[in-house]
Amino acid sequence: MTREEKSIAIEELTAQLAGTNIVYVADISGLNAETTSNLRRACFKAGIKLEVVKNTLLAKAMETSENSYGELPSVLVGNTAIFISDVANAPGKIIKDFRKKSDKPVLKGAYVNAEVYIGDNQLDMLSTIKSKEELLGELIGLLQSPAQRIISALQNKFAGEEQAEEVQAEEA
């Protein structure tokens, strides 16, 4: 790879990193062709971009990026693939699902919404992070709950009053 090609690759990686707040870094070496194809297909269906990258180029792209990747460049050894997503837990779920059948991919680290996570031991936690949509749904549900209780109580009160009026009318 010439210097010019490396420079272009770094620029492209920097642009990809700038366009997202969710990047997982994993080792997918040792996967056979069929498993790798299945992983790529699963990522595509989940809206995740999977790309095998050179460690030095990714490290330079992280350095030039506006985001602070902390210790994440230190895990860039061996074979490295990046998972870029719009949903925080999607790459974690994909990796965890594939780990049911194999010991790969191995999570090296992740950058999720300005937080850096290092190590494969973070996978369980990362796969359960709630997405923005899930959090908004829960928040709306919590906000609606008291209002729904008030409406229900008022409806029950008015229904009770109507029944009492009917009973009084029948007695008279």
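The values are calculated or read from the model by the stated rules, or taken from the named source; none is laboratory data. Values in this document were obtained by computation on a predicted structure and should not be read as measured data. Cβ sites come from the backbone with ideal geometry, for glycine too, and all protein chains shown count toward neighbours. Note: accessible area is taken over every heavy atom of the protein model, side chains too, but ligands, DNA and RNA are not part of it. Shrake-Rupley method; radii C 1.70, N 1.55, O 1.52, S 1.80 Å.
Within the straight-line cut-off of under 26 Å between alpha carbons, the lysines reachable from Lys49 are Lys6, Lys60, Lys93, Lys96, Lys100, Lys101, Lys104, Lys108, Lys130, Lys132, sequence neighbours fewer than 8 places apart in one chain being disregarded. What's the FRET efficiency of Thr2 with Thr64 using the Cβ-Cβ distance as r and R₀ = 22 Å, to the nearest 0.05? Efficiency at R0 = 22 Å is approximately 0.70. In the context of the full protein assembly, Met125 retains an accessible surface of approximately 80 Å², using a probe radius of 1.4 Å and ignoring ligands and nucleic acids.
Charge dipole of region 1-49 (Cα centre as origin; +1 on each Lys and Arg Cβ, -1 on each Asp and Glu Cβ, all else neutral): 220 debye, rounded to the nearest 20.
Taking 0.36 nm per residue of sequence separation and removing the Cα-Cα distance, the Glu34/Lys101 pair yields an extension gain of 22.8 nm.
If you roll a 1.4 Å probe over region 1-143 with all protein chains in place, what percent of the accessible area is carbon or sulfur? The nonpolar share, carbon plus sulfur, comes to 53 percent.
Remark: region 35-45, residue by residue, has Karplus-estimated 3J(HN,Hα) of 5, 4, 5, 5, 5, 4, 5, 4, 5, 4, 5 Hz, where x stands for each Gly or Pro and the curve is 6.51 cos²θ - 1.76 cosθ + 1.60 at θ = phi - 60°. Surface calculation, 1.4 Å probe, protein heavy atoms: Thr2 sits at approximately 80 Å² accessible. Given R0 = 45 Å, the distance between the Cβ atoms of Leu143 and Thr20 translates into a calculated FRET efficiency of 0.95.
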